Every structure is written in structure tokens, then in C-alpha cells.
Amino acid sequence: MLSIRHLQRPGLGPIDLDVPLGDCVCISGPSGAGKSLLLRSIADLDPNTGTVMVEGVDRSYLDAPHWRSRVGYVPAEPAWWDTVPANHFADVAEATEITSRLGLGAHMMDQAIETLSTGERQRFALARALELNPSVLMLDEPTSALDEDSTILVEREISAALARGVAVLLVTHDTAQAERLAHARYTMQLGGILT
């Protein structure tokens, strides 16, 4: 379980939230309400206070790389530290299996990231997170730039992760998507409070 208690930072919270393993919690709300701040805070990318635990282990007991391998975060605009997708994966063969399920051909692993569409980059970023086998998967608008067919492939991967017992925290403005995937739904109000 992802367990959050009194998580706060400027513009956010305090937030209390539980996401059981194998469940998807969807969060919606207006732009600027703090949805991305919430995910970044759980991933410990920004200064914040409060307690965040995964399967009973407090993030304060783990260094950043270990925490972020347990809590996979896919931002709306993923960052890249190399010029081709292949160099972002520890095991390219395993990653290629994931990316092929997401509709990305094996040849694209060596394609310059700058030539990929926004939707292709979103799917590579999801594959990058999935390769780490996280206990929690946090997704910020993962299908915002995708067509219907690609959205189906992404939702299929999310459903497969849920079936494996991964807890999913999904930020989406797509009401139909939330209805398809969510076990619980919350709205974030301006000021960063969940209702």
C-alpha cells in the first residue's frame, strides 16, 4: 500500500491518502490545483513534509534512487538524459518487450528522441518506469497526447500492472478513462486539497 499522511508543501495539502496495492486511484481537478505537485512530492523530487510509505517502508529510510525505483513517476513531460531511448533502459531486450506492447517498434529504440512525437515519448517514459517493476506507479496525464488506439495500449499496460499488484495513482482529465480504470476517484481543489 502507498500510505500518505500530512503531506504538504506550498500549494499542496496537507494530504492524507491510501492507495492499496492492485488499486488505481484517479485524481482530477483544474489546472494549477496541485496534482503534479502531489506526484512530485510523493516521488520526493521537491521539498515537502509528511510521511510517505510503501508497503510499510518509510521513504526516509531509503536513498533517492531506491525510493524512486519503488515509486515510479511518469510526468506529463518526461525528461531525457540521453539522445536515444535505448540508453534509458537497464535491459533493452526487456524494455523492447514492453515498448512493443505499447505500439513502439524495436527500431525506435535507437531513434533520436527529438524526432519522436510527444505521444511516443510519453509511451517510452511509461516503459522506462515499468522496467523498474515499481510497487507504485504514478502517472501524470499519460495519454494526453495519444490517439484512441495508443490510449487503449497504455490502459492495457496499466491494467496489467494493477493485476500484478501495483498501486497506481493516475492524474487524468479524461472522465471515461477514470471510469474504466479507477477503484477510487478524487478531485483536487485549488490549494491542493483532495475531496
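So how do 52-61, 140-149 stack up, highest first, on mean other-Cβ count within 10 Å?
Values: 52-61: 14.5, 140-149: 17.2.
In decreasing order of mean packing, 52-61, 140-149 become 140-149, 52-61.
For n ≥ 4 DSSP H runs only, could you compute -39500 (n - 2.57) per run for the chain, divide by its residues and tell me the 222 nm figure to the nearest 500?
Theoretical 222 nm ellipticity from helices: -9500 deg cm²/dmol.
Using θ = phi - 60° and the Karplus relation 6.51 cos²θ - 1.76 cosθ + 1.60, list the HN-Hα couplings for segment 160-172 in order, rounded to whole Hz, with x at every Gly or Pro.
Those phi angles translate into 5, 4, 4, 5, 7, x, 6, 7, 10, 10, 10, 8, 8 Hz.
Pairs of Cα atoms under 8 Å, at least six residues apart: use those to get the relative contact order of the chain, whole percent.
Values: 362 pairs, mean separation 68.6, N = 195.
Averaging sequence separation for qualifying contacts and normalising by length gives 35 percent for the chain.
Between segment 117-165 and segment 1-65, what is the C-alpha centre distance in whole Å?
Computed from Cα coordinates, the inter-centre distance equals 19 Å.
So for the pair Arg180, Arg164, with labels modelled 7 Å out along Cα→Cβ, what separation do we get in nm?
Placing both labels 7 Å beyond Cα along the Cβ direction yields 2.0 nm.
Which ³J(HN,Hα) values, rounded to whole Hz and listed in residue order, are derived for segment 137-150 from phi using the Karplus coefficients 6.51, -1.76 and 1.60 in 6.51 cos²θ - 1.76 cosθ + 1.60 with θ = phi - 60°, glycine and proline given as x?
Per residue, the Karplus-derived 3J(HN,Hα) values read 10, 10, 10, 9, 6, x, 10, 5, 10, 9, 7, 4, 5, 5 Hz.
If amide hydrogens are placed 1.01 Å from N in the peptide plane, which non-local residues have theirs closer than 5 Å to the one on Val168?
Gly22, Asp23, Cys24, Val25, Leu137
Size of the dipole of segment 98-195 about the Cα centre, Lys and Arg at +1 and Asp and Glu at -1 on the beta carbon, nothing else charged, in debye to 20?
Values: 8 positive and 13 negative charges, 76 e Å.
That gives segment 98-195 a dipole magnitude of about 360 debye.
With every protein chain kept in place and ligands, DNA and RNA left out, what is the accessible area per residue of segment 43-155? Probe 1.4 Å, answer in Å².
Value for segment 43-155: 48 Å² per residue.
The values are calculated or read from the model by the stated rules, or taken from the named source; none is laboratory data. Note that this is a predicted model, so its numbers are computed, not measured. Quick reminder, even Gly has a Cβ in these numbers, built from the backbone with ideal geometry, and neighbours come from all protein chains shown. We work out accessible area using only protein heavy atoms, side chains counted, and drop any ligands, DNA or RNA first. Shrake-Rupley method; radii C 1.70, N 1.55, O 1.52, S 1.80 Å.
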